[in-house]
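Asks: Dropping a structure here in structure tokens format, bear with me for questions.
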Amino acid sequence: MSAEDAVLRLKRKGAFDELRKRLLSDFQTGSEGQDFVKQVQDFMEKRIAQDPSLLDKDRATFHTIMMDEIEKTGMYQAVEKELTNGLMQTEEFQNKVNEELSAVTVMTSPTNYNTVILDIEGTITPITFVKETLFPYVTNGLDTFLDKEWGTTDLDHYIQLLRDQAEKDVTAGLEGATLIPTKRRGCYGSSSDDIKAAVKQNIRWQMAADRKIGALKAFQGYMWKTGYENGELVGMVYDDVIPALNKWQSEGKKIYIYSSGSVPAQKLLIGYTKQGDLSKYFSGYFDTTVGLKVEKQSYLNIAKEIGVDTTSTILFVTDNINEIHAADQAGLQVVIADRPGNAPLVSVDPSYKIVTSFDLI
Ligand SMILES: CSCCC(=O)C(=O)COP(=O)(O)O
Ligand SMILES: [Mg+2]
């Protein structure tokens, strides 16, 4: 853990607020505080003697003028400096910091795990790669791709998944959801153009909302396959990921992926990285067919599938706090990935370990 991480963690834990409160109370009751009050009083009396019209001002104006002038004398700054230096040098302060630091590191570091499950976006892969490379590949290439693949069994399969999902969305009354019609047979059904237009509208609507829905994820993966295979797309993982994979593997730990991206999409991203094919590190892949990532049961399902009885022997790393809560409730050990561009981590329980790099796990 870097010094910056430790300070951040202590701030989140409220350790600094506690020290600040104690410092204020010590100051108010001690001789420094009383001396300071005396200095302020003397200063004000002197100013009023120089300019008695100050007493005619209303309370708020008088307060503003005095505060401004006191500040200019440097009185505040001097006492603040003296107090801060004094506090930091006390044995009690040092002991308190050491105590808090060890509580932060000992309580939250994962221990005795033999299985690691990793999220992709925001954890091993930058969010920017997904949002600025993978998603535009789909939105920009959609029309050409549909024209090229139209009528193939593969495309029909993925359209059927989208169609089934659209029916559910329309039934659920989701704003913006529209049905995808079926092919014309005899005098029933719709023309290819109508179906194509509905598919495009459906995909664009879902992608604008960044939906983590199986049918959309399956379609994206289907499109990305071409991109990875022809070299237009190259998977990306943070530099600290491969050393951690090597370490875990050398320690005999099993490593899995659990992502909202479809399993085929995960395999492509892992298989075609700038650093080569990383699939040798992974013992398996899970997507939302095992359950949503924000549900406790999904983690129990994965544990069952990989044959782990004691969920506390699994470490799950993700950027998403709701996924952290679900995995935690299922008994897994959890670590939060705090990568550049990730959603801000607000009101996070201080007992969770947060890392900016896998070296810190
Ligand atoms: C691995 S597919 C590309 C990323 C993606 O589409 C996605 O939804 C990733 O979500 P995650 O659960 O890995 O945060
Ligand atoms: Mg993620």
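The values are calculated or read from the model by the stated rules, or taken from the named source; none is laboratory data. This structure is a prediction, so every number in the text was calculated from the model and none was measured. Ideal geometry is used to build each Cβ from the backbone, glycine not excepted, and the neighbour counts take in all protein chains shown. These area figures cover heavy atoms from the full protein model, side chains too; ligands, DNA and RNA do not enter into them. Shrake-Rupley method; radii C 1.70, N 1.55, O 1.52, S 1.80 Å.
Asks: On the given criteria, is residue 271 in contact with a helix residue (DSSP H, G or I) (Cβ under 9 Å, 6 or more places away or on another chain), away from ligand 1 (no atom under 12 Å from the Cβ) and not acidic (Asp, Glu)?
Replies: Values: in contact with a helix residue (DSSP H, G or I) (Cβ under 9 Å, 6 or more places away or on another chain): yes; away from ligand 1 (no atom under 12 Å from the Cβ): no; not acidic (Asp, Glu): yes.
So residue 271 fails the test.
Asks: Further question on the same structure: How many of the residues making up the stretch 166-188 are open to solvent by less than 40 Å² (accessible area, probe 1.4 Å) and not in a helix (DSSP H, G or I)?
Replies: The first filter runs over the stretch 166-188 and keeps only residues open to solvent by less than 40 Å² (accessible area, probe 1.4 Å), leaving 166, 169, 177, 180-181.
When the remaining residues are screened for being not in a helix (DSSP H, G or I), the result is 177, 180-181.
The number of residues fulfilling the criteria is 3.
Asks: Is it the case that residue 225 is in a helix (DSSP H, G or I), charged (D, E, K, R), touching a residue at least 12 places away in the same chain (Cβ under 8 Å) and buried (at least 20 other Cβ atoms within 10 Å of the Cβ)? Explain how you work it out, then say what you get.
Replies: Working: in a helix (DSSP H, G or I): yes; charged (D, E, K, R): yes; touching a residue at least 12 places away in the same chain (Cβ under 8 Å): yes; buried (at least 20 other Cβ atoms within 10 Å of the Cβ): no.
In short, no.
Asks: So which residues in the stretch 272-320 are within 25 Å of residue 211 (Cα to Cα) and either among the hydroxyl-bearing types (Ser, Thr, Tyr) or at pLDDT below 95 (or both), if there are any at all?
Replies: Here is the first cut: in the stretch 272-320, the residues within 25 Å of residue 211 (Cα to Cα) are 272-273, 284-302, 316-320.
If the condition is that a residue be within 25 Å of residue 211 (Cα to Cα) and either among the hydroxyl-bearing types (Ser, Thr, Tyr) or at pLDDT below 95 (or both), then 272, 273, 285, 288, 289, 298, 299, 318 are the ones that fit.
Asks: What are the residues in the stretch 228-274 that are in a strand (DSSP E or B) and of a type outside the set (Lys, Arg), if any?
Replies: Here is the first cut: in the stretch 228-274, the ones in a strand (DSSP E or B) are 235, 254-258, 273.
If the condition is that a residue be in a strand (DSSP E or B) and of a type outside the set (Lys, Arg), then 235, 255, 256, 257, 258, 273 are the ones that fit.
Asks: If you don't mind, there's one more thing I want to ask. Within the stretch 331-356, can you find the residues that are in a loop (DSSP other than H, G, I, E, B), within 19 Å of residue 245 (Cβ to Cβ) and open to solvent by less than 20 Å² (accessible area, probe 1.4 Å)?
Replies: Initial filter on the stretch 331-356 (in a loop (DSSP other than H, G, I, E, B)): 331-332, 338-352, 356.
Filter again for within 19 Å of residue 245 (Cβ to Cβ), leaving 332, 339, 356.
Scanning the stretch 331-356 gives 332, 339.
Asks: Let me ask something else about it. So, of the residues in the stretch 260-288 that are among the charged types (D, E, K, R) and in contact (Cβ under 8 Å) with a residue 40 or more places away in the chain, which turns out to be farthest from residue 240 (Cα to Cα)? Steps first, please.
Replies: Keep residues of the stretch 260-288 that are among the charged types (D, E, K, R), which gives 267, 274, 277, 280, 287.
Pick out the ones that are also in contact (Cβ under 8 Å) with a residue 40 or more places away in the chain and you get 274, 287.
Values: 274: 14, 287: 24 Å.
Here the answer is 287.
Asks: Tell me, yes or no, whether the stretch 302-311 has at least one residue that is within 15 Å of ligand 2 (Cβ to nearest atom) and either open to solvent by less than 30 Å² (accessible area, probe 1.4 Å) or in a helix (DSSP H, G or I) (or both). Spell out the reasoning first.
Replies: First pass over the stretch 302-311, keeping only residues within 15 Å of ligand 2 (Cβ to nearest atom): none.
For the stretch 302-311, residues within 15 Å of ligand 2 (Cβ to nearest atom) and either open to solvent by less than 30 Å² (accessible area, probe 1.4 Å) or in a helix (DSSP H, G or I) (or both): absent.
Asks: Now, a different point. Kindly provide the set of residues from the stretch 234-253 that are crowded, with 20+ Cβ neighbours inside 10 Å and more than 16 Å from ligand 2 (Cβ to nearest atom), ordered by number.
Replies: Of all residues in the stretch 234-253, those crowded, with 20+ Cβ neighbours inside 10 Å come to 235, 237, 241, 244-245, 248.
Passing the criteria: 244, 245, 248.
Asks: Residue by residue through the stretch 319-343, note down the ones that are free of Cβ contacts under 8 Å to residues at least 40 places away in the same chain, more than 16 Å from ligand 1 (Cβ to nearest atom) and of a type outside the set (A, V, I, L, M, F, W, C).
Replies: Answer for the stretch 319-343, where residues must be free of Cβ contacts under 8 Å to residues at least 40 places away in the same chain, more than 16 Å from ligand 1 (Cβ to nearest atom) and of a type outside the set (A, V, I, L, M, F, W, C): 328, 329, 331.
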